[in-house]
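One structure below.
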Amino acid sequence: MQKISDILIENIKNLPMWVKQVITKEIFDDLNKKLEEFNELAEINDLFQYMCPKVTFKGKQELQEKTLALSDGYYVFLKELIEGNNIFEITIKNNWTLADSAKIFCRLNELEYLLIPDYSTNKNVAIALFIAGKLKTGEFLKRIGKVSAIQLEQAIRYQKELNDEGRHIKMASILIKLGFITDKGLDSLLLLKDEAKKRLPINVGLVSAKLTTQEDEQDQVSRMQREIARLENENIIMKKRLKKLLNIND
């Protein structure tokens with residue numbers, strides 16, 4: 001079966017050249033404007049979405065045995081990686097946000113289910129940690145080389161001084177006050193995190209994504225039935241927890 005991401009890209013590629021030229025320019029200009037001080041985050045060959053980390057033996061074992069009884073999304077993610085799908089494909093295929101994928105990615109890495117070279121210096125990993133809420137602004141900026149370790153330490157000391165005075169100011173504002181980043185830089189970071197919480201609009205560029213066989217249709221029905229069963233089970237669990245909290249007996 002053709003990948004959804006391939007269908008999306010193929011439909012764009014099939015547009016007339018003169019249309020693609022305009023789209024390319026408009027998108028390029030838009031990215032440069034929104035990521036004015038962080039253009040490296042839009043580098044084509046260095047996107048978190050392109051990552052397809054290897055699953056470790058420990059991860060494959062968990063996928064088979066489900067010892068930790070993780071949420072279904074974690075096992076879907078592992079299975080998709082083993083099948084060779086990158087994070088972009090996994091995200092749009094499951095109708096997740098990029099933030100959803102980043103959170104799963106980070107948790108699986110913490111469990112040592114993924115093999116990621118240069119974890120502590122990999123910019124892709126830093127982006128994932130940031131949009132997943134696992135990495136604070138100052139540390140993220142240090143990881144991508146926008147502030148130095150000395151500058152970050154200076155900002156942390158200054159923030160502590162303000163806190164001791166009862167003035168609680170966010171690190172981003174401290175970095176701006178010290179001249180290490182600008183207001184536009186902060187806007188870019190906020191945009192990066194906010195946009196990661198959005199899903200791909202339904203059917204955008206996917207006009208060719210149709211079920212072509214009875215097997216495909218049955219597979220989709222089975223997935224929907226499993227999802228319904230999962231939601232019903234979660235509903236039962238939530239009701240039991242609520243009753244317990246309210247001391248309600250059946």
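The numbers here are math on the coordinates, done by the rules we state, and not lab data. Because the structure is a prediction, the values reported are computed rather than measured. Every residue, glycine among them, receives a Cβ derived from its backbone with ideal geometry; neighbour counts consider all protein chains shown.
Data for the structure
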item	result
Residue 230-residue 34 pseudo-label distance in nm [points 7 Å out on the Cα-to-Cβ vector]	2.8
Residue-by-residue Karplus 3J(HN,Hα) for the range 83-100, coefficients 6.51, -1.76, 1.60, Hz, glycine and proline x	7, x, 8, 7, 5, 4, 4, 4, 5, 6, 5, 9, 6, 9, 8, 5, 5, 4
Computed E for residue 120/residue 162 - FRET, C-beta separation, R0 22 angstrom, nearest 0.05	0.15
Per-residue Cβ neighbour rank within 10 angstrom, fewest leading, 106, 52	52, 106
Distance (nanometres) between label positions extended 7 Å along Cα→Cβ at residue 82 and residue 22	4.7
Estimated vicinal HN-Hα couplings, Hz - the range 144-152 in sequence order (Karplus 6.51, -1.76, 1.60; Gly, Pro = x)	9, x, 8, 9, 8, 4, 5, 5, 5
Proximal charge balance of residue 64 [Cβ under 12 Å; K/R count +1, D/E count -1]	+2
